[in-house]
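Following: one structure in structure tokens, then a few remarks.
The values are calculated or read from the model by the stated rules, or taken from the named source; none is laboratory data. Bear in mind the structure is a predicted one, so any value in this text is a computation, not a measurement. Using ideal geometry, Cβ is built from the backbone for each residue, glycine included, and neighbour counts are taken over all protein chains shown.
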Amino acid sequence: MRIVSHIHSSDFSNDGKFSLKDIASMFKRRGVSVIFITEHSEDMNKNKMSQLVSKCEEISNNSLALIPGLEFSVKEGYHILGIGVSKFSKMKDSKGIIRFIRKEGGLSILAHPLRYKKNDFKELKEINAIEICNFEYDGFLPRLSNIELFQNFKENNSGIIPVSGLDFHRKIHDQKIFIKIEDTKVEKNDILKKLKEGDFKLEFNLLSINSELKFNKLNHILFKSNSILYDTGKRAGISLFSFLRKINLK
Ligand SMILES: [Zn+2]
Ligand SMILES: [Zn+2]
């Protein structure tokens with residue numbers, strides 16, 4: 001089953017361009033069964049949160065689930081995704097938010113690590129996951145510095161998992177970057193359990209890697225060149241992508 005993560009809608013995020021309904025039909029065409037919605041917490045309150053939860057329920061059906069959630073902007077400068085939270089929290093510190101997400105039965109994810117070059121990440125010891133590839137910040141493949149950060153985290157937190165995210169706001173973010181799990185119901189608790197257990201794969205167009213992040217030299221070179229190209233300009237990153245498509249990389 002295909003999951004897309006880190007999705008903003010125009011219904012609840014000020015910078016989203018598509019409604020939840022449009023998002024559902026767009027990703028259904030991509031063969032997606034689960035959509036992790038992550039609206040900006042700054043745009044939300046208690047009332048709007050319950051609207052988000054009911055709207056997600058309304059649009060979901062047997063073959064497609066919209067899982068509500070938030071992107072919390074905290075005082076240490078991090079953006080922390082709370083996947084599957086159905087309550088709002090005004091808390092502004094990383095530790096409190098991570099604990100809140102856990103209490104809600106959700107999954108906490110450090111979004112786009114590239115943004116926090118000067119931070120020491122010490123408040124994030126208990127986070128569940130790191131976005132090793134955020135399409136908006138990293139392009140079509142994981143960024144090597146994100147993978148290194150993930151591996152550092154893993155030394156003290158063996159249960160941490162790597163995830164991908166589209167950071168979907170606009171059409172350009174509709175990309176074939178999926179989290180893939182097998183044999184499970186389209187149901188929040190089952191899905192989050194599988195993810196927390198590391199029982200999933202990450203798919204980047206033609207390339208697929210498992211949650212252990214074991215990859216070969218070729219992948220290493222690809223991740224590195226992708227990051228360099230993407231940093232020199234998104235267009236260069238996109239050309240690399242079309243090149244990879246042509247050589248049909250396995
Ligand atoms: Zn963000
Ligand atoms: Zn975002």
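Taking the criterion of being closer than 19 Å to ASN47 by Cα, touching a helix residue (DSSP H, G or I) at 6+ places or on another chain (Cβ under 8 Å) and of a type in the set (Lys, Arg), the only residue of the stretch 81-114 that qualifies is LYS87. Restricted to the stretch 161-175, and to residues there that are of a type in the set (A, V, I, L, M, F, W, C) and under 8 Å from the mean Cα position of the chain (by Cα), the residue that is nearest to ligand 2 (Cβ to nearest atom) is LEU166.
Might you check whether a residue that is within 16 Å of ligand 1 (Cβ to nearest atom), part of a helix (DSSP H, G or I) and either at pLDDT 95 or above or within 17 Å of PHE168 (Cβ to Cβ) (or both) occurs anywhere in the stretch 71-78? There is no residue in the stretch 71-78 that is within 16 Å of ligand 1 (Cβ to nearest atom), part of a helix (DSSP H, G or I) and either at pLDDT 95 or above or within 17 Å of PHE168 (Cβ to Cβ) (or both).
For the stretch 111-142, enumerate the residues that are more than 26 Å from PHE100 (Cα to Cα) and within 15 Å of ligand 1 (Cβ to nearest atom). Matches in the stretch 111-142: PHE135, GLU136, TYR137, ASP138. Pairs are defined by a Cβ separation below 8 Å, a sequence spacing of at least 6 or placement on different chains, a first member in the stretch 26-42 that is touching a residue at least 60 places away in the same chain (Cβ under 8 Å), and a second member that is more than 16 Å from ligand 1 (Cβ to nearest atom) and hydroxyl-bearing (Ser, Thr, Tyr); the pairs so defined are SER33/SER63.
Report whether or not ILE101 is buried (at least 24 other Cβ atoms within 10 Å of the Cβ), closer than 27 Å to ASP11 by Cα and in contact with a Leu (Cβ under 9 Å, 6 or more places away or on another chain). The answer is yes for ILE101. Residues that are surrounded by fewer than 18 Cβ atoms within 10 Å (Cβ to Cβ) and either of a type in the set (D, E, K, R) or within 11 Å of ligand 2 (Cβ to nearest atom) (or both) within the stretch 111-137 comprise ARG115, LYS117, LYS118, ASP120, LYS122, LYS125, GLU126, listed in sequence order. For the stretch 20-46, taking the residues that are surrounded by 15 or more Cβ atoms within 10 Å (Cβ to Cβ) and of a type in the set (Ser, Thr, Tyr), the one that is nearest to the chain's Cα centre (by Cα) is identified as THR38. Take the conditions within 15 Å of ligand 2 (Cβ to nearest atom) and either farther than 23 Å from PHE121 by Cα or modelled with pLDDT of 95 or more (or both) and apply them to ASP22. Does it pass? Considered against the rule, which asks whether it is within 15 Å of ligand 2 (Cβ to nearest atom) and either farther than 23 Å from PHE121 by Cα or modelled with pLDDT of 95 or more (or both), ASP22 comes out as no.
Residues of the stretch 38-65 that are in contact with a Leu (Cβ under 9 Å, 6 or more places away or on another chain), within 16 Å of ligand 2 (Cβ to nearest atom) and over 15 Å from LEU110 (Cα atoms): MET44, LEU52. Tell me, please, whether a residue that is modelled with pLDDT of 95 or more and among the charged types (D, E, K, R) can be found in the stretch 105-117. Checking the stretch 105-117: not a single residue is modelled with pLDDT of 95 or more and among the charged types (D, E, K, R). The set of residues in the stretch 52-89 that are of a type outside the set (A, V, I, L, M, F, W, C), within 23 Å of LYS21 (Cβ to Cβ) and surrounded by 14 or more Cβ atoms within 10 Å (Cβ to Cβ) comprises LYS55, SER60, PRO68, GLY69, GLU71, GLY82, GLY84, SER86.
Candidates are the residues of the stretch 141-153 that are touching a residue at least 40 places away in the same chain (Cβ under 8 Å) and in contact with a strand residue (DSSP E or B) (Cβ under 6 Å, 6 or more places away or on another chain); the one that is farthest from LEU222 (Cα to Cα) is PHE150. Against the criterion of being surrounded by 20 or more Cβ atoms within 10 Å (Cβ to Cβ), touching a residue at least 40 places away in the same chain (Cβ under 8 Å), over 22 Å from ILE101 (Cβ atoms) and not aliphatic (A, V, I, L, M), PHE178 qualifies. Would you check if there is a residue in the stretch 193-206 being more than 16 Å from ligand 2 (Cβ to nearest atom) and modelled with pLDDT under 90? Looking through the stretch 193-206, at least one residue is more than 16 Å from ligand 2 (Cβ to nearest atom) and modelled with pLDDT under 90.
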